[in-house]
Amino acid sequence: MEEMSTPLDEARRNTRARFEQWASNPKCDANTLSAVHNVRLDKAAASIGLTPSFGQSPFAIARGNTFERGLFTAEAERLRTALVRSGCLPTTESSFIDLRLRMNGGTKVKSVDEALEQTKDWLAAVAVSSGPSPAIVAAPMVRIPRGVILPEALLIIDAVTVTFEAERPVLTVGEIKVFPDRGGHTEPAHLASARAQAGLYKLALEMTIEAAGLADSLDVSPNGFLVFTWPGSNQPSVRANEDLTSQASRALRGFDRLEASAGALVHPDDFEADEPALIQKVLDAPVSYSEACLSFCDLAPRCYRRAQEDENALILGAEAGRMLAEIPLRRAVELMNGQQPTSDREADIQRQLDMS
Amino acid sequence: MSVREVKRRLRAWDLGEPIPRFATLHHRVAEPRRVLVVAFVRMAGESRPWGIAWGSPGVEPKIETVPDGRVRDAVASLCANFGEDLLEHMRVHNWTYDPVPKDAGIEDLQQVWVPNGQHLAMFHQLAYAYSQTKFGGSDRQLLNSLGRLSGWLFRDSSRRGSQHIVDASAALREAFSFPAEDARQAHLGFLLAWLTTAGTRDDRIRAAGTAELSSVSPTMNPALERDQLALLLEERRESLGNGESASAQEDQIANVLHEELLRRWLLCSDAYEFIRNTDRKLNPGVDDLVSDSLKEFFWQCQAQEIKIANPDEGKTPFVSHPETDFHGSSAASRYLTFAAADEKYLNTLIHDDAELFSDAVADGRAVRGTVVAVRDEGEGRKTTPAWTVRMDAETGHRIREGGRVVPIGSRKHWATVTGLTQTEIETTVHLEWDGNKTKPITTGIESKPADPAWVGEEVSLVAADGSDITSWRSRRVWAAKDGPGAWLTHGSATAPLIADIASEAAEPILDDVAQIEGPST
């Protein structure tokens with residue numbers, strides 16, 4: 001395989017995006033199906049006459065590429081300086097291992113298989129080394145040894161540092177985002193998504209090391225680092241020592257759910273993005289509408305309309321949804337206006353509404 | 001979201017239209033000539049603006065754009081033009097013949113209105129870009145001032161009760177309860193459609209749904225950038241590369257951006273007019289908030305500009321770094337100032353707003369009860385009126401022994417909670433009057449606290465705020481430079497001495513003592 005250009009490769013390339021999409025609303029079966037089977041939500045939306053509104057601006061993509069390329073230029077000079085300054089690397093004397101695919105700005109690695117192989121070799125080499133030379137590794141690629149995303153779950157980790165503690169190698173994952181880091185005012189959603197991804201990397205790296213039988217020789221740090229931009233520039237702003245423990249365990253729970261969904265697959269090879277039968281499966285799947293859907297799902301208008309028709313309290317916000325749950329809005333209004341409750345649940349709702 | 005807000009949204013859904021959230025407005029709406037409505041657009045992935053629209057409501061706005069939002073020099077010129085008008089509008093020293101004075105009155109309030117929080121954040125981006133820039137040529141001073149003012153506007157926007165910068169969609173959400181999800185309510189067009197569309201609930205839902213399809217945030221719809229702007233920029237690049245004129249493409253880019261900016265600006269202007277023309281009265285407590293805002297503006301912005309403009313006077317200005325303080329005393333002082341503003345807000349407004357009072361009761365900061373006993377516990381000629389107040393045991397409250405309460409509607413009276421007992425049936429609170437205890441309470445039966453006629457009366461009490469003490473503590477931070485442990489709290493900054501703004505040289509951060517005492521000679 002020379003370059004990733006076939007539908008299979010496209011599916012592989014989008015693995016991380018699919019996992020992110022799934023994590024945005026893991027309760028929704030349609031979303032889970034879409035992520036596992038690589039059914040694009042915009043295609044599903046278009047098939048029922050909705051206008052897809054998500055997607056990325058070419059400017060944003062270009063900016064992201066420029067930023068990442070700049071970090072790894074000249075043996076990752078810019079990233080190295082920032083990592084040393086933030087305490088992620090002990091010295092600027094660290095080596096640079098570039099495992100990026102050529103199509104992603106790398107210089108040597110030509111294909112996915114080659115990237116996987118070289119990542120494996122690199123892990124094996126680190127496992128037997130005792131330092132002291134730390135390193136920055138760009139874009140190691142790992143295959144999650146579970147059937148969570150079909151046809152297979154490949155992840156390209158943005159960056160990994162290798163340091164040594166008592167002569168034992170420690171790998172620390174890093175997530176690179178073009179988001180501006182505005183100190184305490186950095187968008188919480190940006191931080192959350194970056195941390196979630198770094199947690200996913202950590203878990204994937206641990207699983208890969210375990211599967212390769214290297215767990216006795218290598219440690220993965222519970223902490224990671226996030227690389228954002230200084231506002232208005234291509235200089236990195238590094239957030240060190242991000243505790244990824246809970247994000248990694250959240251990713252593990254996600255893997256379990258995804259695996260269950262993947263196991264229920266009809267045809268193990270029909271994962272193309274716009275395969276009509278699969279699109280229909282996504283459209284027919286039960287949904288769990290929430291406010292979060294508004295930020296990523298092109299099917300959200302359809303689900304909102306359904307929630308509206310059902311008088312689902314979620315259309316008044318997540319809190320209203322939590323409080324009223326299965327009680328339709330009209331009934332809630334009746335209870336608020338003093339109508340006799342017919343169940344303990346209704347009586348409880350009425351009491352809460354009366355008290356406030 | 002509180003249960004009361006759920007209830008309001010249910011009511012709004014039932015009526016099919018937004019309903020007033022409070023009985024009064026909690027934000028002053030300045031007259032149009034004192035308001036500058038500002039809207040931004042930026043290229044996706046960029047922090048600086050691609051175009052800006054600004055102007056007073058009811059007047060044609062100025063709309064300026066650059067062909068390529070990634071070209072810093074062009075963007076700096078755009079921002080300099082905007083900065084000149086913004087600084088003059090805000091009456092910042094050195095940029096106007098009529099700067100806001102130290103003893104400014106309510107009529108001196110100058111406001112900036114923006115469509116939503118994303119536009120507000122653009123001021124933070126401007127602070128990052130320009131507050132300490134060494135570039136900009138002849139515009140450098142102007143850009144620095146713009147950066148500093150932008151930084152102050154952004155920081156002050158998070159101070160409770162701030163009055164200078166108004167996020168229009170937040171102002172509408174504060175004034176009305178909408179029967180919709182929180183995420184949708186960030187869209188100004190969505191909110192205005194709910195408020196201004198006639199007809200049924202379904203008509204309004206349809207109108208709001210249509211309105212939210214058009215982007216209001218500074219970042220434009222990706223499809224617009226992909227299908228129009230990216231192509232135009234590519235053609236422009238080719239033309240320039242071939243040594244040809246690119247004015248045709250630049251005009252087209254300007255037209256697209258103009259339309260986007262104008263839509264955002266008009267929405268914000270409409271929101272301003274809507275709130276201005278609403279028939280709800282302004283809460284009388286807002287005047288206090290305006291006075292505080294004017295003081296904040298003077299000491300945190302204007303006074304620094306005066307020092308910068310008069311270096312011969314030897315006073316060191318303190319220019320806040322856009323990211324953080326890098327300065328322990330400043331951080332402590334500002335924290336306490338913001339905490340004081342937060343404490344003061346409720347107590348300033350609650351006396352004239354029954355809905356706000358009910359919200360406070362629901363979350364335990366205020367209570368309703370019945371006076372069951374009135375005594376005078378003073379000795380000799382001293383009068384110390386004391387009350388026993390009973391409340392329903394189910395009333396949740398945050399009143400604590402030793403705390404103070406104020407009767408609603410009589411903000412100058414206060415009493416100390418001397419005892420609190422709770423049974424399964426009732427909660428009994430013992431109060432001892434301290435503040436204004438010999439003067440009649442200006443609410444209820446309007447009698448002195450010692451009058452036994454209060455027995456049997458229902459009273460409403462709110463926990464007193466300690467904002468005066470918190471404000472005092474914020475000033476004491478600076479005075480502590482000679483106190484014990486000053487070597488620790490007022491020593492050199494522990495954070496990097498250089499504020500590292502990427503690719504640009506930055507001002508050294510002075511240590512605390514130098515800040516307080518001025519530069520050593």
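The values are calculated or read from the model by the stated rules, or taken from the named source; none is laboratory data. Predicted model only: the values in this text are computed from it and were never measured. Neighbour counts are summed over all protein chains in view; Cβ atoms, including those assigned to glycine, are modelled from backbone coordinates with ideal geometry.
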Flag if A:Ala212 is more than 14 Å from chain B (Cβ to nearest Cβ), within 25 Å of A:Ala135 (Cα to Cα) and crowded, with 23+ Cβ neighbours inside 10 Å: no
A:Gln197 being polar (S, T, N, Q), buried (at least 23 other Cβ atoms within 10 Å of the Cβ) and in contact (Cβ under 8 Å) with a residue 60 or more places away in the chain: yes
Tally of residues being among the charged types (D, E, K, R), assigned to a loop (DSSP other than H, G, I, E, B) and either modelled with pLDDT of 80 or more or assigned by TED's automatic domain parsing to the domain that holds B:Arg91 (or both) across the stretch B:301-355: 2
Flag for A:Gly49 being more than 19 Å from A:Ser288 (Cα to Cα), more than 20 Å from the chain's Cα centre (by Cα) and in the same structural domain as A:Asn104 (by TED's automatic domain parsing): yes
Total residues in the stretch A:77-130, condition under 20 Å from A:Gly213 (Cα atoms) and touching an Asp or Glu at 6+ places or on another chain (Cβ under 8 Å): 1
B:Ala223 closer than 30 Å to A:Glu309 by Cβ, within 14 Å of another protein chain (Cβ to nearest Cβ) and of a type in the set (A, V, I, L, M, F, W, C): yes
Pair list, Cβ under 8 Å, 6 or more apart: the stretch B:348-366 residue more than 12 Å from chain A (Cβ to nearest Cβ) and closer than 18 Å to B:Leu282 by Cα, other residue part of a strand (DSSP E or B) and of a type in the set (Val, Ile, Thr): B:Ile350/B:Val462; B:Phe357/B:Val462
Count - residues of the stretch A:30-52 that are surrounded by fewer than 17 Cβ atoms within 10 Å (Cβ to Cβ) and assigned to a helix (DSSP H, G or I): 2
Exclusive hit being modelled with pLDDT of 95 or more, closer than 30 Å to B:Arg173 by Cβ, within 14 Å of chain A (Cβ to nearest Cβ) and assigned to a helix (DSSP H, G or I), set B:Phe82, B:Phe123: B:Phe123
Residue identified as at pLDDT 95 or above, out of contact with any strand residue (DSSP E or B) (no Cβ under 9 Å at 6 or more places or on another chain) and over 30 Å from B:Gly105 (Cβ atoms) among B:Gly199, B:Gly243, B:Gly189: B:Gly189
Index of the failed condition, A:Leu226 passing every other in (1) in a strand (DSSP E or B); (2) surrounded by fewer than 22 Cβ atoms within 10 Å (Cβ to Cβ); (3) more than 14 Å from every other protein chain (Cβ to nearest Cβ): (2)
The stretch B:380-424, subset of a type in the set (D, E, K, R) and touching a helix residue (DSSP H, G or I) at 6+ places or on another chain (Cβ under 9 Å), residue farthest from B:Ser447 (Cα to Cα): B:Glu394
Enumerated helices (runs of 4 or more DSSP H) restricted to the stretch A:276-336, each holding at least 1 residues that are more than 11 Å from chain B (Cβ to nearest Cβ): A:276-284, A:300-309
The stretch B:168-220: number of residues that are β-branched (Val, Ile, Thr), surrounded by fewer than 20 Cβ atoms within 10 Å (Cβ to Cβ), within 14 Å of chain A (Cβ to nearest Cβ) and part of a loop (DSSP other than H, G, I, E, B): 1
Flag if B:Pro49 is within 14 Å of chain A (Cβ to nearest Cβ) and touching a Ser or Thr at 6+ places or on another chain (Cβ under 7 Å): no
Unmet criterion (only one of (1) within 14 Å of chain A (Cβ to nearest Cβ); (2) over 30 Å from B:Pro284 (Cα atoms); (3) surrounded by 24 or more Cβ atoms within 10 Å (Cβ to Cβ)) for B:Val6: (2)
